[in-house]
Amino acid sequence: MNKKVRIGIGLIGNFILCFWGVNSLLTGEPAMDSTIISFLLAVGGFIGFIALVFELKKQNSA
């Protein structure tokens, strides 16, 4: 599997995690009955998304 494909799959997955966490925080329906889990999903997904965007930019410039 090409590295760009793996980065793309990771971007999609991290975006979904971040969206799910933010959505559950905003709607008041936290995932698994815990606000901390929703917060961790949102923050972890966001950090992973940003890291993979930088990785993709590095791959494109090389």
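The values are calculated or read from the model by the stated rules, or taken from the named source; none is laboratory data. Please read these numbers as outputs of a predicted model, since none were measured by experiment. So basically every Cβ, Gly included, is an ideal-geometry build from the backbone, and we count neighbours across all protein chains shown.
Number of residues in region 1-30 that are crowded, with 16+ Cβ neighbours inside 10 Å and over 30 Å from SER61 (Cα atoms): the value is 5. Picking from residues in region 17-40 that are under 23 Å from LEU52 (Cα atoms) and either at pLDDT below 85 or among the hydrophobic types (A, V, I, L, M, F, W, C) (or both), the one that is farthest from the chain's Cα centre (by Cα) is ILE37.
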